[in-house]
Amino acid sequence: MPRASAGRAVQRPVGLSHLRVTLSENFYLGPGRADLMELIAETGSIAAAGKRMGMSYKRAWSLVQALNDGFGATLVEASRGGAAQGGATLTATGAEVLRRYRHMQAATSAAIAGDVSALLDMAVKK
């Protein structure tokens, strides 16, 4: 499972660089949004998750709003209150959405592994 770490880009496995699942005209889930959700679950903070991904709090918050509004249910729940009392968590629905997306990534990677291997064998080595 790809993970962002402080100051470094997310490392994606060879063969699957981007899986975007479109669920409606207004909602999709892709690797960036999934990584943000995962980091919110890990850090308990939208700001900290955004920072680890190299994005501003405003950008991270707008992605959280897009997730919640686009899905039609709260995936990330945020509470105000500053550093001592504020925070964010995934709801049970958010955790399930993230789990299913990661499963789809793994299943897609497995399904294309043979073709990726063939392409790598065909690729000109520099």
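A short reminder: the numbers here are calculations on the coordinates, not readings from a lab. All of these numbers come straight from a predicted model, not from anything done at the bench. Cβ placement follows ideal geometry from the backbone for every residue including glycine, while neighbour counts extend to all protein chains displayed.
Figures for the structure shown
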read-out: Residues with amide H under 5 Å from that of residue 91, placed H, sequence gap 5 or more; value: 76, 77
read-out: Gain in span if fully extended, residue 119 to residue 77, counting 0.36 nm per residue against the direct Cα distance; value: 10.9 nm
read-out: Residues whose placed amide H lies under 5 Å from that of residue 86, excluding near-sequence neighbours; value: 81
read-out: For segment 53-67, Karplus couplings with θ = phi - 60° (6.51, -1.76, 1.60), whole Hz, Gly/Pro x; value: 8, x, 10, 6, 4, 4, 5, 4, 5, 5, 5, 4, 4, 5, 4
read-out: Calculated from backbone phi, Karplus (6.51, -1.76, 1.60) coupling profile of segment 19-31 in Hz, x at Gly/Pro; value: 10, 10, 10, 9, 9, 7, 4, 10, 9, 9, 10, x, x
read-out: Alpha-carbon centroids, segment 92-119 and segment 59-78: separation in whole Å; value: 22
read-out: Distance (nanometres) between label positions extended 7 Å along Cα→Cβ at residue 23 and residue 58; value: 2.8
read-out: Trypsin sites (Lys or Arg not before Pro) restricted to segment 66-116 and DSSP loop, no more than 14 other C-beta within 10 Å; value: 80
read-out: Prolate/oblate/rounded call for segment 27-122, Cα gyration tensor, a/c under 1.5 rounded; value: prolate
